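Every number in this text was worked out from the coordinates using simple rules, so none of it is lab data. Bear in mind that the values here come from a model prediction, so they are computed numbers and not experimental data. No Cβ is skipped: glycine too gets one built from the backbone with ideal geometry, and neighbour counts run over all protein chains shown.
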Protein chains: 2
Amino acid sequence: MTVIESIPVKSTVVDLCKTRPLHPRPDGQDRYTISEVSALSGLTAHTLRWYERIGLMPHVDRSHTGQRRFTNKDLDWLAFVSKLRLTGMPVADMVRYAELVREGEHTFDARQELLEQTRRDVITRMAELQDTLAVLDHKIDFYADARRASERA
Amino acid sequence: MTVIESIPVKSTVVDLCKTRPLHPRPDGQDRYTISEVSALSGLTAHTLRWYERIGLMPHVDRSHTGQRRFTNKDLDWLAFVSKLRLTGMPVADMVRYAELVREGEHTFDARQELLEQTRRDVITRMAELQDTLAVLDHKIDFYADARRASERA
DNA sequence: CGCTTGCTTGGAGTGCACTCCAACGTTCTA
DNA sequence: TAGAACGTTGGAGTGCACTCCAAGCAAGCG
């Protein structure tokens, strides 16, 4: 009951590059409206515009009337950004990373360092969560025991 | 290099109840000022007052002039609350839990359910973090490879 | 063509969890 | 007993990450 479930560790080798449809449309016909991207990415249209404004998106292509048309590349970037958000990385740091990407290949080292720091933060956070699990289980057991005792009475 | 370090799983049996000084002062002489509690708990004095105001602390004892005097019991509660914070539980939910505690033993079931939901959330979050780790490692490896390639050149 | 739905903008608003302020009273140390 | 350091309050302010608004074009359908 108290046993800590081992988190199923995904196979480390990335084997999903071909197994799921990476892009709804093939390159060349990849011009998505903001609401399509919203549905695909899980981010609201508001958030997509805001990401662009703060520099977390490279400038998005526009139709002849000025409406946004996102590409497959934009979709990939948003997927990566969403992963970074899940790590708990602050938006300001993600903007910093986006700037480094814009600056070109000479920023590879800085980008690697940023990601390695993020990785360390994730490891730390996982250890914290593991600790809280022990406390939670301890309390849950206490209440479960109390229930059993009262049922016997 | 890409291998996911297994998070050291703490022994589940709680063996720390006696091994570290649980309370700086023995019961009976346990009257701590707010700044002492701040130092002991890692929470600021501001936050301690705020916790009391919103009902996340039971009402704290006062000196004859109205200054707060915290007890060992208060310290224990704060330690538990800090653990709950680390789970990512919103403050509003922690206040709900505190209310249940104030209402007495007939809320054991509700408290257990609240903690079990929190436990599920923690497990989910850990899985998310594990996923981000795979993406992070993938990118880090890419940059490391690029560096090795440029060094050979 | 008209209608509905969608997209545009700058700027303002929201919710959370603190964090700080002013103006004062208390406690400790020399 | 002076002075520094600490404590009190209600209420206002901060930083983050969105989230929404109004007013006005744009796009797709019968």
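Only one residue of B:Y97, B:L133, B:L48 has its Cα farthest out toward the positive end of the dipole of the protein assembly as shown, where Lys and Arg carry +1 and Asp and Glu -1 on Cβ, and that residue is B:L48. Restricted to Cα atoms, the protein assembly as shown shows a radius of gyration and a Dmax of 24.9, 79 angstrom.
What is the helix-to-structure angle for B:108-152, meaning the angle in degrees between its Cα long axis and the longest Cα principal axis of chain B, kept from 0 to 90 and rounded to the nearest 10? Around 30 degrees separate the two axes.
Across the options A:T33, B:I123, A:L86, the greatest Cα extent toward the positive end of the charge dipole of the protein assembly as shown (unit charges at beta carbon of Lys, Arg, Asp, Glu) belongs to A:T33. Considering only chain A, the C-beta nearest to the rotation axis that sends A to B is found at A:M126, 3, the distance in whole Å. The magnitude of the dipole of chain A, with charges of +1 and -1 set on the Cβ of Lys/Arg and Asp/Glu and taken from the Cα centre, is near 560 debye.
Pairs of lysine residues in the protein assembly as shown that meet both criteria, 8 or more places apart or on different chains and Cα atoms under 26 Å apart, total 22. The C-alpha radius of gyration of region B:35-150, expressed as a fraction of 2.2 N^0.38 Å, stands at 1.55.
How many partner chain Cβ atoms sit within 10 Å of a residue's Cβ in peptide B:116-129, on average, as a whole number?
Mean shielding count: 4.
Only the Cβ atoms of Lys and Arg (+1) and of Asp and Glu (-1) were treated as charged; on that basis the dipole of the protein assembly as shown about its Cα centre amounts to roughly 540 debye. Packing, taken as the mean count of other beta carbons within 10 Å per residue, orders the peptides B:93-103, B:58-68 from highest to lowest as B:93-103, B:58-68. The C-alpha atoms of chain A define a longest principal axis, and helix A:91-103 lies at about 40 degrees to it.
For the peptide A:104-110, the mean number of other protein chain Cβ atoms found within 10 angstrom of a residue's Cβ is 2.
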